[in-house]
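Comments concern the structure below.
The values are calculated or read from the model by the stated rules, or taken from the named source; none is laboratory data. Note that the structure is a prediction, hence the values are computed from the model and not measured. Here the Cβ positions follow ideal geometry from the backbone for every residue, glycine too, while neighbour counts run over all protein chains shown.
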Amino acid sequence: MWRVLLASLVGVTVSYRLPLSHRSRQPCKFVAIEIPDEVKPVKFDVTAVPPFTLQEIKQAIPKHLFVKDTLKSFGFLFRDVAIVAALAVGILQYANPVTWPIYWFLQGTMFWALFVIGHDCGHSSFSEDSRVNNIVGLITHSSILVPFAGWQISHRTHHQNHGNVDTDESWYPLSKSQYDKADFLAKLGRYNPLGMIVAYPFYLWMRTPPKTGSHFDPNCDLFKPSEKQHVLTSTAGYFAMLALLGGIGAKIGFGLLMALYGVPYLIGVAWLSVVTYLHHTDVEVPWYRGEEWNYMRGGLSTRDRDYGIFNHIHHDIGTHVVHHLFPQIPHYNIVEATKAIKPVLGRYFVEP
């Protein structure tokens, strides 16, 4: 009978053979037992309090994976810059209706890769030297029209509050009352696919409603008074890039400038918006508030995503859970770090 009991637990149909003592008196018989459809395995509750601690997760990661190799980081930066330059030179040499769309997609993808390099700088995972992080971050992000310091600080707020529906900075779900109060543009940027993929520049200027302020305003409540100069410097870098683009446009024509820079910029923005959305949105991603939230549970509510051939190009930004738990790990080590923590996380880690 143990087989019948086991079958009732796992929800399968079994054939039960009569014991040997019956075989001498009558032909062998089989009894088919149908298990009701409503008997299902218990579903794992992703919101259950984890049986491990953040320190136990960290201890599973080899210490050398936290080490930042400045030369290696510069190697990735120079690779990206070289590809950007080669694509620009190539399209000017072989421009035609077929090559332009290919160029736009490839160059936009590389703009996104440059953003990820600046993202490492924002987390101080590019180098152990804070001056190197700030200079490289300022240059890479200014080149793609992102105010480095403003983004860095708001992104820090996002990491410190990830998964907290009340205090997170990125893609947090709106309550019913917030949704009802949101204007047309706010809903367009959150719930319309086209609006979502171009929303990021608007977010930089006005944040995500109902939050207010700007990444360019040092008096915004995102920033501390001590960060004012840092914000002003990155704002100056942003406008310096705009001035440079204006000068180039006056020289070569704004139509060509739009083709060379403008369209790839929009594709880079689309990459950023879609990837960020996917890392923090899923039907089973839990959001917490109040005492239910803590840093580790918030980090576990993010999702890894597999972008196929683009994983390496994007500096493995899709490997996101371990990044949210330990953002100081350089991007070139996060795949190995993820493999190290999986045995600890168990079913709390959702495979991409």
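Tabulated values for the structure
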| read-out | value |
| --- | --- |
| Leading residue by the ranking (surrounded by the most Cβ atoms within 10 Å (Cβ to Cβ)) among those in the range 207-228 that are among the small types (G, A, S) and part of a loop (DSSP other than H, G, I, E, B) | S214 |
| Residue ID - modelled with the lowest pLDDT, chosen from residues in the range 277-295 that are crowded, with 20+ Cβ neighbours inside 10 Å and either under 12 Å from the mean Cα position of the chain (by Cα) or in a helix (DSSP H, G or I) (or both) | H280 |
| Test: residue in the range 193-206 that is among the small types (G, A, S) and either part of a helix (DSSP H, G or I) or modelled with pLDDT of 95 or more (or both) | yes |
| Residue match in the range 243-261 (condition: in contact (Cβ under 8 Å) with a residue 12 or more places away in the chain, more than 18 Å from G163 (Cα to Cα) and either among the hydroxyl-bearing types (S, T, Y) or crowded, with 20+ Cβ neighbours inside 10 Å (or both)) | yes |
| Elements of type helices (runs of 4 or more DSSP H) contained in the range 50-159, each with 3 or more residues being of a type in the set (A, V, I, L, M, F, W, C) and touching a residue at least 40 places away in the same chain (Cβ under 8 Å) | 70-93, 99-122, 130-143 |
| Any chance Y179 is in contact with a strand residue (DSSP E or B) (Cβ under 9 Å, 6 or more places away or on another chain), aromatic (F, W, Y) and more than 28 Å from P264 (Cβ to Cβ) | no |
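The rows are residues; the columns are (1) charged (D, E, K, R); (2) touching a His at 6+ places or on another chain (Cβ under 6 Å).
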| site | (1), (2) |
| --- | --- |
| K228 | yes, no |
| G237 | no, no |
| G247 | no, no |
| A250 | no, no |
| F254 | no, no |
| V283 | no, no |
| R305 | yes, no |
| H320 | no, yes |
